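Novice: Next up is a structure, given as structure tokens.
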Amino acid sequence: MNISSGAIQSQNFATISCTVIGSGGASWRGGKVMMVLSEANSAGSNPVLVSQNLDTGDTLANDTWNGPYIYNGQTLQGLSTATVQALLRLPGSPNDAALLLAALPGQRVCVRSSEVSGGDTLRAVALSITDVTANFTQVFGKSEAKAKAAAPLNLYSAVEATNAR
């Protein structure tokens, strides 16, 4: 699955995309692993991403793809270059935003991209949500230890906690 769009956004006017997680194809611990990118398509653009699982309330935020994540209010280590390359591809600019998230089939996930600054100044951006479950499983296997090393949050625990709800 890949959902992608080009949009115009500002600090005050966001780009939003939502999806319901499907059950087809590869799975990891019963769920799906997705890479979300918000990439600048105009000079001066500096997107920030926020994702929310509408069924669990979990939120993730990032404003530079290899910078720290905010997971439910807690700051965590960001994605490594090796992880992003192995799962999809590197974003076009260091200022682009990226999230790696996990969700279970049937859950509703929305992502919101806006500019870090600039008020109402409109800038072009490309927003995408890509299922990288097959790549994640191939690269990191089913092991929790490898997933912990790969991701800024414990995807295994995120999926397990969701399963327990």
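Throughout, read-outs are computed from the coordinates displayed, never taken from laboratory work. Keep in mind the model is a prediction, meaning the values are calculated, not measured. Here the Cβ is made from the backbone with ideal geometry for all residues, glycine too, and neighbour counts use every protein chain on show.
Novice: Can you tell me what the convex hull of the Cα atoms of the stretch 2-164 projects to on average, as an area in nm²?
Specialist: 8.4
Novice: Here's a follow-up. With just the Cα atoms of the stretch 17-56, tell me how far they stretch along each of the three principal axes, in Å, largest first.
Specialist: So the extents along the principal axes, rounded to whole Å, are 40, 21, 15.
Novice: For Asn41 and Thr81 in one chain, what is 0.36 nm times their gap in residues minus the Cα-Cα distance, to one decimal in nm?
Specialist: Taking 0.36 nm per residue and subtracting the Cα distance, the gain is 12.3 nm.
Novice: How large is ³J(HN,Hα), in whole Hz, for each residue of the stretch 22-27 in order, when computed from phi with the Karplus curve 6.51 cos²θ - 1.76 cosθ + 1.60 and θ = phi - 60°, using x for Gly and Pro?
Specialist: x, 10, x, x, 5, 9
Novice: Compute the distance in nm between two label points, each set 7 Å from the Cα along the Cα-to-Cβ direction, one at Cys18 and one at Asn135.
Specialist: Spacing of the two 7 Å Cα→Cβ label points: 2.7 nm.
Novice: Find how much the distance from Asp55 to Ile8 grows on full extension, using 0.36 nm per residue of separation minus their present alpha carbon separation; answer in nm with one decimal.
Specialist: Full extension from Asp55 to Ile8 adds 14.1 nm.
Novice: For the chain, what is the charge dipole size about the Cα centre, in debye to the nearest 20, if Lys and Arg each add +1 at the Cβ and Asp and Glu each add -1 at the Cβ?
Specialist: 400
Novice: Now for a different question. Can you find, among Gln74, Leu49, Phe13, the residue farthest towards the positive end of the dipole of the chain? Put +1 on the C-beta of Lys and Arg, -1 on that of Asp and Glu.
Specialist: Checked the options; the winner is Gln74.
Novice: Go ahead and estimate [θ] at 222 nm for the chain from helices alone: -39,500 (n - 2.57) per DSSP H run with n ≥ 4, summed, over the residue count, rounded to 500.
Specialist: Helix-only estimate at 222 nm: -5000 deg cm²/dmol.
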